[in-house]
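Data block below; observations after.
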Amino acid sequence: MAYINGIGIISPQKTAETNEFLSEVMEYTEDYLKCIEPVYRGYIDPVLGRRMSRLIKMGITSAKLCIQDARRNLHDAESTMSDGSCDNPDAIITGTGLGSVEDTEKILGELTREEKFLNPTPFIQSTYNTISSQIAINLRCHGYNATYVHRTFSFESGLLDALMQIEEKMAANVLAGAIDEMTLNHLAITRRIGMWKMEPANNLKLRGNMAPGALAGEGSAYFLLGKEPGPNVYAQLTDVSNQFSQNHDFDTSLFVPRFLEKNGLTPADIDVFLLGINGDPAQDPQYVRVADSLFPATAHGWYKHLCGEYHTATGFGLYTAANILKRQVYPGIINMNDIIPSELKNILIYNHFRNTNHSFMLVQQAGI
């Protein structure tokens, strides 16, 4: 168990430089949902930023926003983040499914076009661990640094590592992130295998869109997980579980009650069941079956119509759950079944990728 003491997130919604929570929902009719990015010069030296890819800028900035958020209620001089170097986390852990797609495309494009001495920068930045490394350099954090590239388990694997670091007293504060980007080339390639909708889709009318495929997206979210609750604590991340099912035979009806029982809960104790519904008519029925069978009287929520689908989209899901519990507000924009929870203490996040990778996150009100 760890406390979520700060959040920094760049997403297709206005989340980067505001303390509001889904007060103004952005509507798109696009091929994919693109992030609303802040002005990076306020977070990154413009000279250094010239050589950074968009993904790395997003990662560094969301990490700094996270630490700023965690320190917002402290008034001592050391809590200012003018240089991004104070009160460093003991560890930095990043989950990414694809890393820097833009840099990978650059280096592969140069290789296929002509034989010459190549620019090393795109190659260096195309490696998955560049994001965590660049964050560590900018924060001057010399502690534990790890990157998980486990497809749609990437973020959850990073969270499991973070929880173990805290539980085993290897770290008191861990900066854990989820980051992936989308490019037009990657969208075109993966559309061929049926992952995305072939035509632009409206994100707020996604559940009524029966065209094959999901609505793609991207985002960067970092969370400061602490052993102790901070003054700006959002919620507590109680447990995380990944379940792989190669033959699509994973039985949620058996697993979920056991997962909750391990944490002293029953399905009736869950106030919001937050689902990874992404608009794909071939994959979404799995969520509906689980929700209707195990949580018939519970509020069912969803969030990927706000951020799109990508390997680490559960980062936006955790952002949503943490804000619901902190603010004690259940936004209507995420409500699926018109049930309004009487209290907001326990949220279970469920995500699956093509009925193969199943992940669960139990998020609870801080101090419960």
Going residue by residue through segment 22-35, the Karplus relation 6.51 cos²θ - 1.76 cosθ + 1.60 with θ = phi - 60° gives ³J(HN,Hα) values, rounded to whole Hz and with x marking Gly or Pro, of 6, 6, 10, 8, 7, 10, 10, 10, 9, 6, 8, 8, 9, 5
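Quick one: putting +1 on the C-beta of Lys and Arg, -1 on the C-beta of Asp and Glu, what dipole do you get for the chain around its Cα centre, in Debye to the nearest 20? Could the numbers behind the result be given before it?
On the way: 30 positive and 41 negative charges, 74 e Å.
Dipole size: approximately 360 debye.
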Pull up the DSSP beta bridges for segment 2-364 and report the antiparallel fraction as a percent, rounded to 5.
65 percent
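Exceeding 19 Å between C-alpha atoms, which entries from my cross-link table qualify? They are LYS169/LYS262; LYS14/LYS197; LYS64/LYS326; LYS304/LYS345; LYS57/LYS106.
Details: LYS169/LYS262 22 Å; LYS14/LYS197 24 Å; LYS64/LYS326 21 Å; LYS304/LYS345 22 Å; LYS57/LYS106 17 Å.
Among LYS169/LYS262; LYS14/LYS197; LYS64/LYS326; LYS304/LYS345; LYS57/LYS106, the Cα-Cα distance tops 19 Å for LYS169/LYS262; LYS14/LYS197; LYS64/LYS326; LYS304/LYS345.
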FRET efficiency for MET198 and LEU108 from the Cβ-Cβ distance with R0 = 22 Å, rounded to 0.05, comes out at 0.35
Under a 5 Å amide H to amide H cut-off, with H placed in plane at 1.01 Å, what residues pair with THR94 once short-range neighbours are removed?
ALA146, THR147, TYR148, GLY177
Segments 33-45, 220-232 sorted - mean Cβ within 10 Å per residue, highest first
220-232, 33-45
Positive-end extreme of charge dipole, the chain - chosen from LEU118, LEU159, GLY97 (charges on Cβ)
LEU118
Which order do peptides 4-16, 312-324 fall in by mean Cβ count within 10 Å, highest first?
312-324, 4-16
Rounded to the nearest angstrom and ordered from largest down, what semi-axes does the equivalent ellipsoid of segment 308-368 get from its C-alpha gyration tensor (root of 5λ)?
22, 14, 11
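Counting every Cα pair in the chain, what percent are over 30 Å apart? All intermediate terms of the calculation are to be shown ahead of the outcome.
Numbers: 23053 of 67528 pairs.
Cα-Cα pairs in the chain separated by more than 30 Å: 34 percent.
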Which percent of the accessible area of the chain is formed by carbon and sulfur heavy atoms (probe 1.4 angstrom)?
51 percent
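I need to check one value: relative contact order of segment 2-364, counting alpha carbon pairs closer than 8 Å and at least 6 residues apart, in percent. Present the calculation step by step, with values, prior to reporting the outcome.
Details: 796 pairs, mean separation 84.0, N = 363.
It rounds to 23 percent for segment 2-364.
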Highest average packing first - 281-289, 336-344, 140-148, 63-71, Cβ atoms within 10 Å:
63-71, 140-148, 281-289, 336-344
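Using 0.36 nm times the number of residues separating SER241 and MET210, minus their current alpha carbon distance, what extension gain do you get? Could the numbers behind the result be given before it?
On the way: separation 31, 0.36 × 31 = 11.16 nm, distance 3.04 nm.
This chain segment gains 8.1 nm when fully extended.
The values are calculated or read from the model by the stated rules, or taken from the named source; none is laboratory data. Keep in mind the model is a prediction, meaning the values are calculated, not measured. Please note: Cβ atoms are built from the backbone with ideal geometry, for glycine as well, and neighbour counts cover all protein chains shown. The protein model used for the area step is the full one, side chains on, heavy atoms only, and it has no ligands, DNA or RNA in it. Shrake-Rupley method; radii C 1.70, N 1.55, O 1.52, S 1.80 Å.
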